[in-house]
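Notes for the one structure printed next.
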Amino acid sequence: MTDLLGNDLNLQYELLGPEIALVITAALVLFADAFRRELKIGQSAIPAISILGLVVALLLSLLWIDENKDFARLVTIDNFTTFFRVLFIAVTVVVIIGSHEYIERRVSHLGEFYSLLLLSTVGAMLMAGARDLLTAYLAIEVMSFSLYILVSLAKSDTRSGEASLKYVLLGGVASAMLLYGLSFLYGVGGSTQYTEIAAALSDGTSTLELPLLLGLALIIAGLGFKASAVPFHMWTPDAYEGAPIPITAYLSATSKAATFALLLRWFAGPLLPAIDSWQWMISVLAVLTMVIGNLVALQQSNIKRLLAYSSIGQVGFMLMAIVTISDQTGSALLLHLSGYIITNLAVFMGVIAFYNRTGREEIVAFRGLAQTNPYLALVITAGLFSLAGMPLLAGFLTKFILFQSVVSGGYTWLVVTALLASTVSLYYYLQVIRQMYMYQPEGDASRWRLSPTGYLATGAMLVGVVWVGVYAAPFYTAADRAIAPLFT
Amino acid sequence: MIDRLPLPAQFDRLIIVGGVAVGLVMTPILFVLLALLIGDQITAAELVFWLAFTVIVAGASGTVLLNNIVHAALSLIATLLGVAAVYLLLATEFIALVQILVYGGGVVILLIFGLMMTNAQDDPVVTDGSQKPFAAIVGVLLAGVFLAAVIDAEWGSETMTVVPFRDFGARLFRDFIVPVIIVGVLLDIALSGAIVNARASRIEDVDADETTSEASS
Amino acid sequence: MIPIENFLILSSLLFAMGLYGVLARRSAILILMSIELMLAAVSINFIAFATYLDGEAFSGLVFALFVITVAAAEVGLALGIVLRLFRERRTAYVDAADSLKW
Amino acid sequence: MGIDLVGMEDVWILPAIPFAVFILVSFFGRLIPRNGDFIAVLGMALVVLLVGLVLVDFQGAFHDEVFAPIAGANTYSFDWIDIGDGFFVIEFSTYVDAVTMVMLPVVSFVSLMVLVYSIGYMKGEARYGWYFAALSFFVAAMLLLVISGNLLQLYLAWEGVGLASYLLIGFYWERQSAAEAAKKAFITTRIGDVGLLIGIILLWRVTGTFDIQEIIHAAEEGVFGQTYLTVAMLFLFAGAAGKSAQFPFHVWLPDAMEGPTPVSALIHAATMVVAGVYLVARMLPVYDEVLIARDVVLYVGLITALMAATMGLVATDIKRVLAFSTVSQLGFMFAALGVGALTAAMFHLFTHAFFKSLLFLGSGSVIHATEQQEVGELGGLRKKMPITALTFTIGSLALAGIPVFAGFWSKDEILHDLQHYGPFAAYVILAVTAALTAIYTTRLVLLTFFGKPKNEQAYEHAHESPPIMTGPLVILAVLALVVGFITYQGVGESLGFVGGIGELVYLPHHGPHVFKLDIAFAAVATATAVVGVAIGIMYWWGDARRAIAAQSWAPELHQLLVRRYYLDELYQGVINHVVLGAAAVVAWFDKRVVNETGVDGSTQFVGFLGYRFKFLQTGRIPHYVLGMALGVAALAVVAIGTT
């Protein structure tokens, strides 16, 4: 089939198999929840259905390894897409397994919760796969809309609604900015297709330079919001704090990774010819982000806010890879992103298990955890040390490779700043670790255990943190193969 | 719900006063433009454009400046109708139609419902944030930057391409099938989001009796 | 023939005014209205570029159509959340939502 | 040599053994009798045995001239991580040369002694098993550090020993001061570590490799620019200085004495703190290329040596005196490296490890017996604890640099080299420091073991430690007595080394270091030490009347030394005011500027412009949007303004 302009249109719906599977699962979940009494199924059936759907989607996405096809010139299915599909599905699976107890007790609207989680994953997957501005924009909104709602779903917690309001209003402004920028990009590039924009921009745009710059500034602002780069980060701590913790974890993993997938696609694709125009913008944002994120984190007393600021700081590091974009930095970024997600999920799964038991999220509440639950303390410690970049844990190796590639991209000063910023970070991670190991527990000091699924999720993440830290080569190979289609 | 809607009398007054005000502003502009048209200074299309321009800018100003929230909402309607007129000038009837249907028939009604449900008819006068001066500075600054960029650029082609309805439909449902599907999902998400949050209070009441699971079905 | 700049100038003004509204207003609903203004500016831009520059491909038109749709959905979604805020705090002023800070 | 069972190519086994012990004891310690302490000791004994075999193999290779003495050999390597088609290769590689061969026996032997000693010292402590596990982890990391063939692997081990040190300093975490000290040590050394990492990255950037030997070759061939290399090597030195507690990073080491005493003996006297010396020694050929960086090493060493020695004069905690002494002696080593005297530095490292761990273990024995660490509470203990007193005195004489004892030989070497290769002032400073060393050492011995008991209760309570603790003391004392003689050619040859340590460890272009006892020079050094001891005796013999008088003679000076030149206060001030201050500024900006100026300030502004006055609660969302809008405006204005 051809489109109106005579281009070939490939309408192979199998290419979108994972997305379709997830959408169907989401619908099934809603249905099952609505008719739970009629169908005589228990609450745990809903996460089970979700996971089943996710596994099916995972298998379907693995079908397309090493393929390079596009669907109707709108979505590309290449290794990059597959990498992110697998990543997002894995994150969602871990979040569901690790937090279904939390969700059952502290989240209202179970059916909506799980179905939105799945749909948000669909949005993230499409963000990674889009090859057209329109698809990309709609994918962003699918993910964001789901997250706006998910943030608001914490049961009987007024912070939740407030966080959601902030997120949705600021998100609306940010997408308006992004869209306005995209409209200029469309005006300059003359198309919404990535490939054609790239061609148009590399042909030279001297007469349209100002609109292009304007568009870039607006696009960077809009995406900076999604990635929570300073000064577009202010929603992050509030939304993280107000959201149910699984959603906080999900925000810090999938939402961030999807934004970086998009950033990679755009800045290595259509916007690459204009690199001189945006390089300094991103590097300024990167420096601001890593410095402010890490500094403000020092002052936090709530673990979720602390992790929010720490994730802002991490975004600063990742933005460096966009500044010096190349296949090396790209694969280093993918590796770091995976390592970061595993690490962050390890911490969050630990925090969720802790919250399930105690219902508290202040840092001082972690006092004496090493005595009441040494295993959980170990998991959280490993995660925090990895975030701080201690060797033999994921954080060190992936960060080191990332910094390495940025240095070889010629931005040594950025890396020096990043190293200094990450020294500061050790200070606040250590605060949490000290609470766990160097104080007596308050109140009940008896030992307690996690639920089996809690052990499963935290254990898997712990193994992941150490595995990536010790032997990252397979991950890097995957990242390397994933980034290749962007640079050919 | 019904008792929360504004009284017809209030609307009457609003429409009369607003109509007079709009008329007073628009008439001289219309006369000037007509004079220009007759004097062959501008084409008829340009006349419509400038009229729409005036409506849009005035309406937008009203939306962001008026202190009475209902007036602001009505200004928004005027603005969006003006925007629809601009779409017509750009030879895209279909989108103009969508604009009127979606905005006039949906969004604005929704917004006004929102206003009514948040006590706007009891106290329609809203206060603005205290960072208004900063807002003005930033707004002017950005407008300046935008205008500079837009005017500086040489956009090239000055011919309009008129798109037939048929092509538009064909393209939408064949070339852009994926976005159409995604937007369906998106609307579903928005719907469930609106329901979840708007319905929450009832659920919360039931929650108090520890029977959440049954209530949410 | 109206030059394309005219439409772009219009949209620039509209966008800036919308942004001003977002910054200056306190009522969540008025902020939403201001966002609608910004999105209208976006649509004007897309359509102007599509008709003047993109010719036969006109994907900007489709883009504008979806922007309108998404804007409508966003209003619905956001209003639900605003209503929730109103229920919890008896006000639709956004600065009432300040329990999450520093 | 005949034994090929374990050779140089198998050194990777060395860290593997204690690491296995760590895993075993930390996870299954509860199931094993005695919490697995004997496993740790036996594992370490095995390591010592293997080190012996490696040493024999090394001597064989040395004699067969398989390689040039300093060059050593990349004995074992595999690509641990190879990604991006050689873009990023991390090898696991081991490298054994003479420098390594000095470190390995020291680390393994002292560790064994400390572990044996700990069985007695830590008896009945809570977390007994964890102690042995953590100590094994430390030894594993330390062994990995000294056999590393590339900088990245070295950095990994480097962080590992830092982590172990953190865990062990904070071992008594119920004590607030211990927890604080652990954090202080960790963060201070981490600041240095960032320097090290930056240095490593800078070196990699030019050479594309982490391999130490390749980097040295590259430096010798002049691949680097002079300034670039200087900067890189200074960053590297920052890491070394952090780990080895050199000025201005020295503040953490005295506080690190909060850990159990055997830990202080092992980590903060004999092994981990010399990692910095080891690193600089390892990279010395590169430092030779950039004399500015080498001079920095010299001056930092000198400053630290003198400063720490003066602080040691007034410290009242027996372990802190030893800690200051350690810092000071490390300064000696760095000073020696600063003039390129590799042999002297490594020799001093070697002897120092034995006598300083002896002193620490001795002080541990005292603390164990009396539960006092303030010298003001001790005294006269020689009658109650004869073995401890005797061995401690031997260690002290070695530290003071009295002839025959180990410290004399190595310190004499350093002074000799400084006089020959360094500026004269450097020699004078170190000579003064040597005298000061003798003074505070004498003071420590006198106040602890001689005179009258100042705390009768503690004295009555005191008793000699059990054999499992005195045994290691005696062994180390014997070594502290004799180990210096290794420099003699005859002694060296009988042990298998041609010319003792002097012909083993040297830089190729300096040539082997032939040891000759310069009688005149040695006499001066001896005289310095003896005068120091005499002054110490004069001031502190008996009831130390003169010392108290001296204190009141210059109270400000005394106070300056007691407060350690106020550096701790300075750092705390910097941390409080700069780092936290910067964070506070951002928070303040959030609170004041965004909220109050955004609300109050602009309210006034608005009022000034004649708008209605409104005072409102803080509203956050508009401020957030303002931030975003300002961000966009800034980007757009700068972008368009610069075009």
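The values are calculated or read from the model by the stated rules, or taken from the named source; none is laboratory data. Remember, it's a predicted structure, so these values are computed and weren't measured experimentally. A quick note on method: Cβ atoms are made from the backbone with ideal geometry, for glycine too, and the neighbour counts reach across all protein chains shown. Just so you know, the surface numbers come from the protein's heavy atoms only, side chains and all, with ligands and any DNA or RNA stripped out. Shrake-Rupley method; radii C 1.70, N 1.55, O 1.52, S 1.80 Å.
Counted residue by residue at 0.36 nm each, then reduced by the alpha carbon distance between them, the extension gain from residue D:526 to residue D:643 reaches 34.7 nm.
Counting protein heavy atoms only, chain C has 58 percent of its accessible area on carbon and sulfur, 1.4 angstrom probe. As a calculated quantity, the FRET efficiency between residue D:404 and residue A:444 at R0 = 56 Å, using C-beta atoms, amounts to about 0.35. Taking other residues whose beta carbon is less than 13 angstrom from the beta carbon of residue D:124, and scoring Lys, Arg as +1 and Asp, Glu as -1, yields +1.
Between residue B:136 and residue B:35, what's the calculated FRET efficiency when r is the beta-carbon distance and R0 is 35 Å? Round to 0.05.
That pair, residue B:136 with residue B:35, gives E of 0.55.
Working ranking of peptides A:274-280, A:417-423, D:108-114 by packing, defined as the average number of other Cβ atoms within 10 Å per residue, highest first, is D:108-114, A:417-423, A:274-280.
Look at the alpha carbon pairs under 8 Å that are at least 6 residues apart: their mean separation over the length of the stretch C:4-96 gives a relative contact order of 29 percent. Interface size, chains C and B: roughly 6900 Å² of accessible area buried, both sides included, 1.4 Å probe, rounded to the nearest 100. Straight-line reach from residue A:399: taking Cα to Cα under 19 Å and skipping same-chain neighbours fewer than 8 places apart, the lysines in range are A:256. Computed over the stretch B:2-132, the P(r) curve from all C-alpha pair distances, binned at 5 Å from the origin, holds 2, 10, 15, 19, 18, 15, 10, 6, 3, 1, 0 percent per bin. Carbon-plus-sulfur accessible fraction, the stretch A:13-487 (probe radius 1.4 Å, protein heavy atoms only): 63%.
Which stretch or stretches of the stretch D:150-183 have amide N atoms under 18 Å from the point lying 7 Å from residue D:126's Cα along the Cα→Cβ direction? So the set is D:167-182.
Computed from protein heavy atoms with a 1.4 Å probe, the total accessible area buried between A and C is close to 3600 Å². Checking the Cα-Cα distances for D:123/D:243; D:183/D:243; D:383/D:454; D:319/D:356 against a 19 Å cut-off, the pairs over it are D:123/D:243.
Average accessible surface for the stretch D:233-291: 11 Å² per residue, computed with a 1.4 Å probe over protein heavy atoms with every protein chain in place. Taking a ≥ b ≥ c as the square roots of the eigenvalues of the Cα gyration tensor, chain C is prolate, since a/c reaches 1.5 or more and a/b is larger than b/c.
Run the simple label-point estimate for residue B:173 and residue D:292 please: 7 Å along Cα→C-beta, distance reported in nm. Spacing of the two 7 Å Cα→Cβ label points: 7.5 nm.
Here the protein assembly as shown has an Rg and Dmax of 36.7, 123 Å, counting Cα atoms alone.
Mind giving me the FRET efficiency for residue A:362 and residue A:45? R0 is 35 Å, r the Cβ-Cβ distance, nearest 0.05 is fine. Can you show the working numbers first?
Numbers: r = 35 Å, r/R0 = 0.99.
That gives a FRET efficiency of 0.50.
Averaged over the residues of peptide B:103-116, the number of Cβ atoms from other protein chains lying within 10 Å of each residue's Cβ is 5.
Taking the Cα centre of the stretch D:161-228 as reference, the dipole from Cβ charges on Lys and Arg (+1) and Asp and Glu (-1) amounts to some 420 debye. With 20 Å² as the minimum drop in accessible area between chain alone and full protein complex (1.4 Å probe), the qualifying residues in the stretch A:189-203 are A:190, A:192. Loop-resident GluC sites (Glu not before Pro) (DSSP state other than H, G, I, E or B) in the stretch C:1-56 with no more than 15 further Cβ atoms inside 10 Å of their Cβ: C:56. At 4 °C and 1.567 mPa s, grab the translational diffusion coefficient of the stretch A:216-315 from Stokes-Einstein with a Kirkwood Rh over Cα pairs, rounded to a whole number in µm² per second. Answer, rounded: 94 µm²/s.
Using equal-weight Cα scatterers in the Debye expression, the normalised intensity of the stretch A:108-186 in log10 at q = 0.26 Å⁻¹ is -1.17.
Site pair residue A:455 and residue A:35 shows an inter-label distance of 3.7 nm when each label is modelled 7 Å from Cα along Cα→Cβ. Placing dummy labels 7 Å off each Cα toward the beta-carbon, the span from residue B:45 to residue D:556 is 9.0 nm.
Buried accessible area for the A:B pair, summed, 1.4 Å probe, in Å² rounded to 100? When A and B are taken together, about 3500 Å² of accessible area is lost. Think of the protein assembly as shown as having a plus end and a minus end, set by charges on the Cβ of Lys, Arg, Asp and Glu; of B:172, A:198, B:26, B:26 sits farthest toward the positive end of this dipole.
Solvent-accessible area of the stretch B:2-132 (1.4 angstrom probe, protein heavy atoms only): carbon and sulfur portion equals 77 percent. Short to long, the 20 Å bins of the Cα pair-distance histogram for the stretch A:13-487 hold 26, 60, 14, 0 percent of all pairs.
With the highest mean first, a sort of the peptides D:138-151, B:73-86 on other beta-carbon atoms found within 10 angstrom per residue produces D:138-151, B:73-86.
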